[in-house]
Structures are given as C-alpha cells and as structure tokens.
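**Q** Handing you a structure now.
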Amino acid sequence: MTRHVVIVGAGHGGVSLCAALRALDFAGAITLLSDEADLPYHRPPLSKAFLTNDTPEAENKLLLESQSFYDEKCVDLRLNTRVSALDTKARTLQLADGSLAPYDELVLATGARARTLTLPGSALEGILVLRTLEQARTLRQRLTGSSSIVIVGGGFIGLEIAATARKLGKQVTVLETASRIMERSVSPEVSAYVTRKHREQGIILELDSTVSAFLGDNGKVAAVRTATREWPADLVIVGAGSLPNSELAQAAGIACSNGILVDAQMRTSAPNVFAIGDCVTFENRYADNARLRLESIQNANDQARLVARLIIGEDASYEALPWFWSDQGEVKLQMVGLSIGRTHCVTRGEPELGRFSVFHYRDSTLIAVDSVNQPLEHILGRKLLAAGMSPDQALIADTGIALKSLLD
Ligand SMILES: Cc1cc2nc3c(=O)[nH]c(=O)nc-3n(C[C@H](O)[C@H](O)[C@H](O)COP(=O)(O)OP(=O)(O)OC[C@H]3O[C@@H](n4cnc5c(N)ncnc54)[C@H](O)[C@@H]3O)c2cc1C
C-alpha cells in the first residue's frame, strides 16, 4: 500500500523535506500543506534586498522552487490550507474548511511567527512586524512613504531592516533593551563593531532603551516612548524575536516547551509524528545538551534531510553543526557553533579594519566562531569545529599563521 507523508508548513523545512524524500527515491504520496497564499519562498531576503526592489523579478527570485518542481516531484502542494486540528490516534488532520486529511507519517514544519508587543498604543496603525512575504510587501510599500523609522529590537532582523532603510535614505532609530545588540547570538566584540558601523552610517542606535508605549496621532503611530524620551516615528517595526507555531501540536497532546519537543531523530511524543525547523526544541550536543530552539535555514534544511532518511528506513540522528549568517549593509556576519557557556574569546584580525573573527572557547575547547567580513575564516572555523579540533589560542590569535595550517 502507498505510504502517505503529510507535511504541515511549506517553509524551508517543508520544501527541503519534499526534495530530500524524492532524492532518496521515496515512492509514496507527499502532501504539503501551507496556510500562505504564495508559492513557498526564501525568507532571508525579506529583510534585505527584497525591501529595495519592487519588480516582479524580485518576487520570482524569492521562490524556493517553481510550480513545475511540485508537479514533477508529485508533491500535492495545497496553498491557503490551514491545518486546524490534529488527531494522533486516528492519524488525521482537520483542515480549516472542515475536511479531514489522513496520514501515515506526519511532519510538523510550522515554523515561527514574529512576536508582537502588548503595550499602550500597540494597536495604532503603522506598527509592523516581519515574518512573511505578505508582511514584507506591506513593509516595502510603507517604507517608500515614510521618513522617520523606529525599529524596536537590535537583533538580526531589526538590524537588517535598519541597514536597508538607511540605504533608502530614511532616518532610522533602533531601540534595544539590552546593553548591546545581538546579545544572545554574538560576542561583545562583534556587537561593538556592528554598533559602530551602523552609527557611522547615520543610524541612531540606543542601547538600554525599553519601549513603554506607542503614541499616536489620528489613529496612526507618531512616536515611541522610552524612559528617557519620545522618538518621532511615522513607521515602527517591531523586531522582538519570534514565537514557535506549536499550538497545533500542543492541542493534540504532544509535549511542548518553547516549541515542539523532539528527540535526536526529530520524533515528537506522538507516534509517527516528526517536527523540524523553527518550531522545535531539542537537546543540542553543541550546547552541552541544553534544550534549544534554533532559527536558521541550516537547521530547517538539515533536520528535513534527516527526517527524509528516517522515513525511508535509515537510522540516523541529528548531529549537524549549527551555522547562521546575517547581512547588515556592508557588514557580513557568519556564525558557526554555539557560544553558550563560553568562558573566554580570542580575536583574530583587527576589528578596526573591519575584517576579523572571534573564536569562543569553553575552557580549552573551541565551541564557536563569529566572523565579520571573513568568509574564508568562517569556512575554516566550520572545518575546525566539525573535526572537533581546538587549536592553541595563541596560534589562533597570530594572523601570521595560516588558519588552514591548523587543520593539518
Ligand atoms: C525576515 C527574515 C530574515 C531571515 N534571515 C535569515 C538569515 O539571514 N539566515 C538564516 O539562516 N535564517 C534567516 N531567517 C530565519 C529562517 O528564515 C528560518 O529559520 C526558516 O524560515 C525556518 O524554516 P521553517 O521551515 O522551520 O519555518 P518557516 O519558514 O517559518 O515555514 C513555516 C510555514 O508553516 C506555515 N504554517 C504554520 N502553521 C500552519 C498550519 N497550522 N497550517 C498550515 N501551515 C502552517 C507558516 O505559515 C509558514 O509558511 C530569517 C527569517 C526572517 C523572517
């Protein structure tokens, strides 16, 4: 009998899983359910190049695959199809139109959504978030007609939008509640360098600034209030992180805690139900087995490939090395490994010259590398970490020694 794999969510994880299953000659039926109206697309450009280009080509370039891919691979892609309930005993999904969809194997690839703020004035017009293509279209259009933009949150997405808006000639203010930007993800050296670069471009970047209210004029946002002052704004973008789309799993009785809990094989607490990508939390071997929810293309794609192997009957576990990138104007950041639990860092190169890497150590073990405009060092950092190598810190700091030679 033909096996039927149903995937909920057609983002990076869901689409990669379809491709991986067919590449492994999976001959069963594949149904890919998406609650969005657009063909599945790349999310990273939404906060970068897409905001400056409103041509049809820009939209075309976003597509993960064209319609012919789904036709040729016999993937039944159903857009505008929200899954509203899951019965893990009967192995059926309930769709928003009331119909039922049975499965043999189910993969939840429901991703995450942008976190919104509940503050006085939050409902004013002109306060946006960015997660979907539809939201990016709105933001792109609103950017054109705005002059003073306040971005709440100095994380990757907020800073990418800030750099793009500044390039468009807008007055841009970033308000960050912590004492440094991207605090959870990069070293203090990298935060300091990127802060300086953004300020050199004319972005106002306020640290230790917590937003307490949005102020309006005729129903439209006009300013953002922090403890020290009010910041005029005709457009506000909240970049305050994301929340996992785990409600469907939770309502079905599947174990969740800041995301859907999965084991090293992406299996949830329900039989025949996997989960992958931004919606899952798992024990990460690169963070001393701490439970983490990673949000990156690498993570979604690698977990999809693993689940494809498991579905066709192979035995494997998730061991992929985490990596991530962020493009902020002229600054290209690339991170590999997880710096949680680092005891100290070693800087290689000159931050003043804008090309350097920070190597994070936990005692004498190399655990992560953040690279700024140093793509080659990022690649070599990946190789060192993948090989479990921890070169002597003095050798790492010495730019007279080729990093490559430390791999020998
Ligand atoms: C603006 C932006 C910039 C980014 N830049 C980078 C970057 O530079 N580098 C990087 O590595 N990562 C970046 N990311 C993160 C990256 O896009 C995510 O890690 C990745 O999209 C995760 O893929 P996913 O398949 O888990 O989830 P998603 O891509 O979020 O896809 C999940 C899909 O499931 C759908 N869905 C949810 N619930 C249901 C339901 N009940 N029924 C039907 N469908 C449902 C959602 O609508 C969505 O379409 C960025 C993200 C954003 C938003």
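**Q** What number, rounded to the nearest 500 deg cm²/dmol, is the helix-based mean residue ellipticity at 222 nm of the chain, given -39500 (n - 2.57) per DSSP H run of at least four residues and division by all its residues?
**A** Working: 10 runs with 99 residues, N = 408.
Taken over the chain, the calculation gives -7000 deg cm²/dmol.
**Q** What is the magnitude of the charge dipole of the chain about its Cα centre, with +1 placed on the Cβ of each Lys and Arg, -1 on the Cβ of each Asp and Glu, and no other charges, expressed in debye to the nearest 20?
**A** On the way: 41 positive and 47 negative charges, 88 e Å.
Using Cβ point charges on Lys, Arg, Asp and Glu, the chain gives about 420 debye.
**Q** Could you work out the local net charge near residue 29, counting Lys and Arg as +1, Asp and Glu as -1, over the other residues with Cβ closer than 12 Å to its Cβ?
**A** On the way: positive: 3, 22, 73; negative: 76, 104, 105.
Counting the neighbours of residue 29, the net charge comes to 0.
**Q** Can you compute 3J(HN,Hα) from phi for each residue in region 240-256, using the Karplus curve 6.51 cos²θ - 1.76 cosθ + 1.60 with θ = phi - 60°, rounded to whole Hz and x for Gly and Pro?
**A** 10, x, 9, 10, x, 7, 10, 5, 4, 5, 4, 5, 8, x, 7, 5, 9
**Q** Still on this structure, please answer the following. About the Cα centre of region 116-238, how large is the charge dipole given +1 on each Lys and Arg Cβ and -1 on each Asp and Glu Cβ? Please answer in debye to the nearest 20. Display every interim value, and only then the final one.
**A** Details: 15 positive and 12 negative charges, 65 e Å.
In total the dipole reaches around 300 debye.
**Q** May I ask you to sort 220, 332, 170 by Cβ crowding, counting other Cβ atoms within 10 Å and putting the fewest first? Could you put the intermediate results ahead of the total?
**A** Working: 220 12, 332 16, 170 19.
Ordered by Cβ neighbours within 10 Å, fewest first: 220, 332, 170.
**Q** Next question, about the same structure. Can you pick out the pairs among 197/383; 167/332; 48/73 whose Cα atoms lie more than 22 Å from each other?
**A** On the way: 197/383 29 Å; 167/332 16 Å; 48/73 31 Å.
From the list (197/383; 167/332; 48/73), the Cα-Cα distance tops 22 Å for 197/383; 48/73.
**Q** At what distance in angstrom do the alpha carbon centres of region 205-229 and region 327-381 lie from each other?
**A** Cα centroid to Cα centroid, the span is 34 Å.
**Q** If you don't mind, there's one more thing I want to ask. Just add up the charged neighbours of residue 372: K/R +1, D/E -1, any other residue whose Cβ is under 14 Å from the Cβ of residue 372.
**A** Details: positive: 196, 197, 332, 348, 355; negative: 189, 327, 330, 350, 352, 370, 377.
Charge balance in the 14 Å sphere: -2.
Values in this text are rule-based calculations from the coordinates and carry no lab data. Computed from a predicted model, the values in this text were never measured in an experiment. Glycine gets a Cβ as well: all are built from the backbone with ideal geometry, and neighbour counts include every protein chain shown.
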